[in-house]
Amino acid sequence: MIADESSTPGRVVLVGAGPGAADLLTLRAARAVAAADVVVHDGLVGADVMAMVPAGARLVSVAKRRDRHTMQQADIGALLVAEAQAGHMVVRLKGGDPFIFGRGGEEVEACNAAGVSVEVIPGVSSALGAAAAAHMPLTHRDHASIVSFVAGECRGLADQNWVGLAGKGRTLVIYMGVTGSERIAEKLMGDGLAPDTPIAIVERATLPDMRVLRSLLADLGGTVARAAVKSPALIIVGDVATLGTDAVTQIAKAQPCPVN
Ligand code: SAH
């Protein structure tokens, strides 16, 4: 649908695209994608989700890589604002949930600062997708009643205070931790966490080639190296990491979402 620039003000919708499988989009997200004039998307958005973008919509990739930022965050905000001010319905499609390590907050601020209407549609964050797909509950009355999400990026890792987030009765989910896994294990053990604390790595959660690897904290870096784990993957630390299944055969091929 092409906006009538004389009467329809443009707007921005931040859409959580979930962890990969297209049928994990919310109905609201699927409807927003179906109505988009312009779709600004990350690298993490799965191919099946991208296939839901209407043929007439313009696609703009702002995929980030650890070593190469194709577009600075401020430029992404400016792009969203400019497209909306041109009268377009702009869908900003983000992996997982826009407000969990998704920089959605900064994009909402950019829209508000420019007086552009903005809506946020939540998505299934990868921690929740991974837990469900691997049958690994993040809380469980016998194992954990506290769950924390942290960013394990190498940059700034030393400055982060994770004390008390992992250990007995607690689950720690580490996003963006694959590259720094060795240092993450050292950091947690340095904070007093037992080397034999269970860990799990869930790679490509909810996708047909998802892998679940289990080990102990002291062997986190070794497991990542031996199994050649690649991003995107989550590290889950705590007793719940012993639960669930390693089988991935139950993951159905994603079905197109009903949008009406
Ligand atoms: N907003 C996203 C997170 C973006 S940060 C969300 O809510 O999930 C990027 C990190 O998310 C990756 O480094 C990885 O740790 C995690 N991630 C995203 N998709 C994933 C998937 N399908 N499987 C495992 N981890 C995933």
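Each of V118, V229 has its accessible area taken with a 1.4 Å probe; listed largest first, they run V118, V229. Computed on protein heavy atoms with a 1.4 Å probe, the accessible areas place K94, K230, K168, K187 in the order K168, K230, K187, K94, largest first.
If you look at the Cα atoms of the chain, you get an Rg and a Dmax of 19.5, 64 Å.
For the stretch 5-121, the fraction of alpha-carbon pairs lying more than 26 Å apart is 11 percent, rounded to a whole number.
When the residues E107, E83 are ordered by accessible surface, computed with a 1.4 Å probe over the protein chains alone, the sequence from largest down reads E83, E107. Given in Å, the Rg to one decimal and the Dmax to the nearest whole number for the Cα atoms of the stretch 126-248 are 12.9, 37. Taking the helices alone, the chain has a mean residue ellipticity at 222 nm of -6500 deg cm²/dmol, built from -39,500 (n - 2.57) per DSSP H run of at least 4 residues and averaged over all its residues. Axis angle, to the nearest 10 degrees, between helix 104-114 and the longest C-alpha principal axis of the chain: 30 degrees.
At a 1.4 Å probe, what is the % contribution of carbon and sulfur to the accessible area of the chain?
Carbon and sulfur together cover 55 percent of it.
The values are calculated or read from the model by the stated rules, or taken from the named source; none is laboratory data. In this text, all values refer to a predicted model and were calculated from it rather than measured experimentally. Keep in mind that these areas ignore ligands, DNA and RNA; they rest on the heavy atoms of the full protein, side chains included. Shrake-Rupley method; radii C 1.70, N 1.55, O 1.52, S 1.80 Å.
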